[in-house]
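A short write-up of the structure that comes next.
A short reminder: the numbers here are calculations on the coordinates, not readings from a lab. All values derive from a computational prediction rather than experimental measurement. Reconstructed Cβ throughout: ideal geometry from the backbone, glycine too, with neighbour counts over all protein chains shown.
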Amino acid sequence: MSTTAEDVIRKCNIFKELTDESIALLVKESRLQRFEKGTWILRQGEECTGMFCVESGVVRIFKISPSGKEHILHFAEPGSTFAEVAVMGGFPSPANVEALEETVCARIPAEYFRRLLNTNHELCLQFLKGMTFWVRQVVDLLEDIVLRDATGRTSAFLLRKFRAEDGGERSTSTILKKDIASHLNLTSETLSRTLRRLADQNLIEMPDAREIKIIKPEGLEDLAKGL
């Protein structure tokens, strides 16, 4: 059975609080879109056409300063969304969005979504509850940057992104290490040294230049907590 926009929206964390009736309203105008690897889905400063729910693949959300410096804000993977704040506020995309691999998203048109929020108070309240998940992600990122050292930041990131739901190891080759460093506000050199220390402690393995495997998640958890 092929995936539908409803399937994708139901799996998004930000919509967990919505009733079946509210989901049906969102699905009415939503459509699936497929993006090839390397596609720029949104560009900083341009019109934001809709809110995107990731079904498969991964995208990076990043800003480019006037001087040309790039900073990764976060990565959107299956179950997450992007462009939600711009859609609600009705302003241009505050960042660039690029597909790091072939990606499928459900797009909820911006004007339609704002109209639903303005006219359906029940849906609006349900969505606000779901937004607490998004806010928590932002708080976790700020906590990483402000309160954790390089080892703690890297360990927390690996646990969030690469550990399988069953607690076993998981590997990745999609996200470049330079992008991880940018996201964690580290230099590439600092991240490389940190990963090497984690590998020397047998907490992770790096079979090649791009792949990372978690071996001992409990050890990473201790480091993430500063122990």
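Would you work out the charge dipole size for the chain about its Cα centre, treating the Cβ of every Lys and Arg as +1 and the Cβ of every Asp and Glu as -1, and quote it to the nearest 20 debye?
Using Cβ point charges on Lys, Arg, Asp and Glu, the chain gives about 420 debye.
Determine one quarter of the surface area of the Cα convex hull of the chain, which equals its mean projected area, and express it in nm² to one decimal.
Average projection, Cα convex hull of the chain: 13.4 nm².
For the chain, modelled as a Gaussian network with Cα springs under 10 Å, which listed residue fluctuates most, L128, L198, L186?
Checking each option, the largest mean-square fluctuation is seen for L128.
Any idea which of P92, L158, T194 is furthest toward the positive side of the dipole for the chain, if Lys and Arg beta-carbons carry +1 and Asp and Glu beta-carbons -1?
Final value for the positive-end residue is T194.
Please sort 78-87, 211-220, 9-18 by packing, taking for each peptide the average over its residues of neighbouring beta carbons within 10 angstrom, highest first.
Descending mean neighbour count gives 78-87, 9-18, 211-220.
Could you tally up the Lys pairs in region 5-134 with alpha carbons closer than 30 Å? Skip any pair fewer than 8 positions apart unless they're on separate chains.
13
What three numbers, in Å, describe the spread of the alpha carbons of region 18-58 along their principal axes, ordered from the longest?
35, 24, 15
Which one of L73, V59, T39 has its Cα pushed farthest toward the positive end of the charge dipole of the chain, where Lys and Arg give +1 and Asp and Glu give -1 at the Cβ?
Of the listed residues, the answer is L73.
For a bin width of 5 Å, list the pair-distance distribution of region 5-134 built from all Cα-Cα distances, rounded to whole %.
In whole percents, the pair-distance histogram is 2, 11, 21, 25, 20, 12, 6, 2, 1, 0.
Mean residue ellipticity at 222 nm from the helices of the chain, using -39,500 (n - 2.57) per DSSP H segment of n ≥ 4 over the full residue count, to the nearest 500 deg cm²/dmol?
Per the formula, -13500 deg cm²/dmol.
Using Cβ counts within 10 Å as a stand-in for footprinting exposure, how do C124, C53 rank, fewest first?
Listed from fewest to most nearby Cβ atoms, that is C124, C53.
Taking θ = phi - 60°, what integer Hz values does the Karplus form 6.51 cos²θ - 1.76 cosθ + 1.60 yield along region 123-140, in sequence order, with x for Gly and Pro?
Karplus-based 3J(HN,Hα) across region 123-140 equals 4, 4, 5, 4, 5, 4, 5, x, 5, 4, 5, 5, 4, 4, 4, 5, 4, 4 Hz.
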